[in-house]
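Encoded as structure tokens, the structure appears first; notes follow it.
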Amino acid sequence: MHCYEHGRIGRYEVKEPLILGHELAGVVVRTGEKVRNVSARDRVAVEPGVTCGRCSYCKSGRYNLCPDVVFMATPPVDGAWTEYVAVRSDFLFRLPDEMSFEEGALVDAELDIYGVFRYANTYPAAIQMLQNKGSRIRDIITHEFSLDQIEEAIELARTQRDTSVKVMIYPHQNA
């Protein structure tokens, strides 16, 4: 919303076209030869903030504090509203079969809601909370839109700032 309205989010300014979308889940299409944690056809949630992997925070398992994090849909890095997205394998987390892609895409919101990211720093912990019905992430979605309804979704978010609105946009569906 900030990028759309103001052309920036914090210090990150949109200077050229930018693909939005930072809450995502999907299916692994292909992996590199050395990837061991996921395989083609695995259903996964994706951590949208990719870190350096080299700093003291990353090496100690507290990657959420990495000063060099690169976040999807934050200029100049494109987001996930596209057919394919390349992601480092250590930022992919298998989803249980009974968990929907919508729930998987909102694992990031689950982390924010319960502070798992701050305290446990793990996507698997958030996935387990959702799987064990520790929360019902679908309950916070107030409106659903297809990508061709993006203007309507943005207008709703803009006009409903004083209320809790969580919009789910399906980028590969039409109204």
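The values are calculated or read from the model by the stated rules, or taken from the named source; none is laboratory data. Please read all numbers here as calculations on a predicted model, not as lab measurements. Positions of Cβ are backbone-derived with ideal geometry, glycine not excepted, and every protein chain shown enters the neighbour counts.
Some notes on this structure:
- Unmet criterion (only one of (1) touching a Ser or Thr at 6+ places or on another chain (Cβ under 9 Å); (2) within 25 Å of residue 158 (Cα to Cα); (3) exposed (fewer than 11 other Cβ atoms within 10 Å of the Cβ)) for residue 16: (1)
- Enumeration of residues in the range 62-105 that are under 15 Å from residue 24 (Cα atoms) and basic (Lys, Arg): 88, 94
- Boolean, residue 121 is modelled with pLDDT under 65, touching a Lys or Arg at 6+ places or on another chain (Cβ under 8 Å) and either not assigned by TED's automatic domain parsing to the domain that holds residue 32 or not small (Gly, Ala, Ser) (or both): yes
- Checking residue 8 against (1) surrounded by 13 or more Cβ atoms within 10 Å (Cβ to Cβ); (2) closer than 30 Å to residue 100 by Cα, the condition it does not meet: (2)
- Residue satisfying all of: in the range 1-36; touching a strand residue (DSSP E or B) at 6+ places or on another chain (Cβ under 7 Å) and either among the charged types (D, E, K, R) or closer than 21 Å to residue 89 by Cα (or both); modelled with the lowest pLDDT among these: 22
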